[in-house]
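Q: First the structure, then my questions, so here it is.
Each value in this text was obtained by applying a stated rule to the coordinates, not by laboratory testing. Note that the coordinates shown come from a computational prediction; the quantities given were computed from them, not determined experimentally. Note: ideal-geometry Cβ built from the backbone for every residue, glycine included; neighbour counts use all protein chains shown.
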Amino acid sequence: MAKRTVVTMPGDGIGKAVLPEAIRVLDAVGFDAEYVHADIGWEFWCKEGNPLPQRTLDLLEKHGISLFGAITSKPKSEAAKELSPELNDKGFVYYSPIVGLRQHFLLDICQRPCKTFKGNPLNFIRHGAGDTIEEPEVDVVIFRQNTEGLYGGVEWTNPPDKVYEGLMTHPKFVKNFGWCPREELAISTRIFTKKYSLRICEQAFEYAKEFGYKKVTLCEKPNVIRETSGMMLAICRELAKNYPDITFNYTNIDAQMMWLTKDPENYGVIIAGNMFGDIVSDGFAGLTGGLGFVCSANIGQKVAIFEPTHGSAPKYADYEVSIVSPIAMILSACMMLDHIGETEKAAKIRAAVAQVVEEGKVRTYDMLKMRGTPDVISKGAASTQQMTDAIIAAL
């Protein structure tokens, strides 16, 4: 079999610390691949005016599979201040490169598993009857529509004539916002299409069927956002007729954020649009150890990118010894292995991670509930590399 080529995009901050650790684990499990580095992130925004260079898009187009670390993103005004002086006033505008990747390659399916590891001191617990303490087992997979909705990038400050004239045809806009001077308006759209709403819902139901999940929940806000959430709800209700062994229901995003801490074990597969999927996946991540344990996949027809859901955490990036957990990045590599058919290797890595977590002999600072200061290693916390060493030893 020809050696697989994987594009590696460490990105910013701790992405540069955790991605090499995932590759060490992949090597240890016997995954034979060639890794090709690609440029992405804040450094390239500052010196080139583009955090997602064309050369990186070309590599992804060629090879189709990528491991991605993390990205630093800042508001437009702050980003402009950090641009190299020679690039000022040349029309460069910062745009999140991960959002750009999702839209460029139509990576419309985002999967975010949130699953508890036995023995993790960061797992969610609650009070049960008679002052007992319960630790519910959470096993949720969020299917987040990745390319539309509020993250679609269709927005304006001081909208142009045609946009403003179109908005003024809507009676509610005239009534509620017609008083506002156009130059004081900032508008972000929430656009759903039937094609890609149907695709995310179909993928979620098929995943539930394949892996034995008995419940699919749409988490949106159809009682208020009637057109977009309403369209996705109608699609799910129609699809549910084809899956008689799966229970379907829907929740509102605000109520869901309350219920997930009351009975998180009652949820299996969750479907949501872009923003609400981002919110609910972070909520469930908090129940399973935090973002240091949560992986994700961005999947399109030709390209798939696998990344931890945590950010670049720049405050930790310059520590002499890296203290952050590599587990989310390692689990993202497992999702990549599953995607390309290397399911046995993925299962071995997950079992090794589970063994290390349950044994509890090696724990990063977050698992020891310490503040993330440089001296945590001297207080008994494992470094990034030591956690990887333990996982490799368990393999």
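Q: For Ala186 and Lys74, compute 0.36 nm times the residue count separating them, minus their Cα-Cα distance, and round to one decimal in nm. Intermediate values should be presented prior to the final figure.
A: On the way: separation 112, 0.36 × 112 = 40.32 nm, distance 1.81 nm.
Stretched out fully, the Ala186 to Lys74 stretch lengthens by 38.5 nm.
Q: Among Ile71, Ile271, what is the fewest-to-most ranking by other Cβ atoms within 10 Å? Walk me through the intermediate numbers first.
A: Working: Ile71 23, Ile271 31.
Ascending Cβ contact count within 10 Å gives the list Ile71, Ile271.
Q: As an exercise, identify the trypsin sites (Lys or Arg not before Pro) in the stretch 167-222 lying in DSSP coil whose Cβ has no more than 15 other Cβ atoms within 10 Å.
A: Lys214
Q: Contour minus end-to-end for Val321 and Thr247, with contour as 0.36 nm per residue of separation and end-to-end as the Cα-Cα distance? Mind dumping the intermediate values first?
A: Values: separation 74, 0.36 × 74 = 26.64 nm, distance 4.79 nm.
Net length gain for the segment: 21.8 nm.
Q: Apply the membrane-span-like helix rule to the chain: whole DSSP H runs, Cα extent along the own long axis of at least 15 Å, mean Kyte-Doolittle hydropathy at least -0.5. List the helices found.
A: Details: long enough: 15-28 (20 Å, 0.61); 194-211 (25 Å, -0.76); 228-240 (18 Å, 0.93); 274-287 (20 Å, 0.66); 327-339 (18 Å, 1.61); 343-359 (24 Å, -0.05); 384-394 (16 Å, 0.40).
Helix filter hits for the chain: 15-28, 228-240, 274-287, 327-339, 343-359, 384-394.
Q: Which whole-number percent is the relative contact order of the chain (Cα, under 8 Å, 6+ apart)? Show your work: numbers first, answer last.
A: Details: 753 pairs, mean separation 86.3, N = 395.
About 22 percent, as a whole number.
Q: What does the highest-first list of 305-313, 44-52, 358-366 look like by mean Cβ count within 10 Å?
A: Descending mean neighbour count gives 305-313, 44-52, 358-366.
Q: Now, a different point. Can you pull the one-decimal nm distance between simple spin-label points at Asn176 and Arg126, each 7 Å off the Cα toward Cβ?
A: About 3.3 nm separates the two model spin labels.
Q: While we're here: How far apart, in nm, are two points set 7 Å out from the Cα along the Cα-to-Cβ line at Asp161 and at Lys379?
A: Modelled inter-label distance: 6.3 nm.
Q: What's log10 of I(q)/I(0) for the stretch 63-201 at q = 0.15 Å⁻¹, Debye sum over Cα points only, no solvent?
A: Here the Debye-derived log intensity ratios amount to -1.03.
Q: Which pairs break 30 Å Cα to Cα here: Lys115/Lys315; Lys62/Lys209; Lys115/Lys369; Lys47/Lys195; Lys215/Lys369; Lys118/Lys262? If you can, show how the numbers build up before the last one.
A: Numbers: Lys115/Lys315 27 Å; Lys62/Lys209 32 Å; Lys115/Lys369 20 Å; Lys47/Lys195 38 Å; Lys215/Lys369 33 Å; Lys118/Lys262 19 Å.
Distance filter (> 30 Å) returns Lys62/Lys209; Lys47/Lys195; Lys215/Lys369.
Q: How much mean residue ellipticity at 222 nm does the chain get from its helices, if each DSSP H run of length 4 or more adds -39500 (n - 2.57) and you divide by all residues, to the nearest 500 deg cm²/dmol?
A: On the way: 15 runs with 156 residues, N = 395.
That comes out to -11500 deg cm²/dmol.
Q: If packing is taken as the mean number of other Cβ atoms within 10 Å per residue, what is the order of 349-357, 377-385, 18-26, 34-42, highest first?
A: Details: 349-357: 20.1, 377-385: 16.3, 18-26: 23.0, 34-42: 18.4.
The peptides rank, most packed first, as 18-26, 349-357, 34-42, 377-385.
Q: Between Met370 and Glu134, how many nm apart are label points set 7 Å from Cα along the C-beta direction?
A: It works out to 3.4 nm between the two label points.
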